[in-house]
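Before any comments, here is the structure.
Any read-out appearing in this document is the output of simple, stated calculations on the displayed coordinates, not a laboratory observation. In this text, all values refer to a predicted model and were calculated from it rather than measured experimentally. Here Cβ is always computed from backbone atoms with ideal geometry, including for glycine, and neighbour counts include all displayed protein chains.
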């Protein structure tokens, strides 16, 4: 699903990090050597462009939809409060594939 190495652009690197697995903004910041505040503008851009979305539990399951990794999901069917996880949308995954 994701490229073997992260793209050179900051937005591409952020999409790549999210594509590896849904993560919180704090986890993304740590993975990219940044801060949540520094990433907030990029995340707003990616959200408004339809490249990422929240991966939060819903009444009948997960916002991620059907997923082969649901048994490992940190938000699926958990008694714990949900984490603010971000995931790629189909548009984000397609864009990341084009970056190659």
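Worth a mention:
- Take the Cα of residue 34, step 7 Å toward its Cβ, do the same at residue 54, and the gap between the two points is 2.1 nm.
- A simple spin-label model places pseudo-atoms 7 Å from Cα toward Cβ; at residue 9 and residue 99 they are separated by 0.8 nm.
- Kirkwood-type radius of segment 7-57, with distances r between different C-alpha atoms, in Å: 11.0
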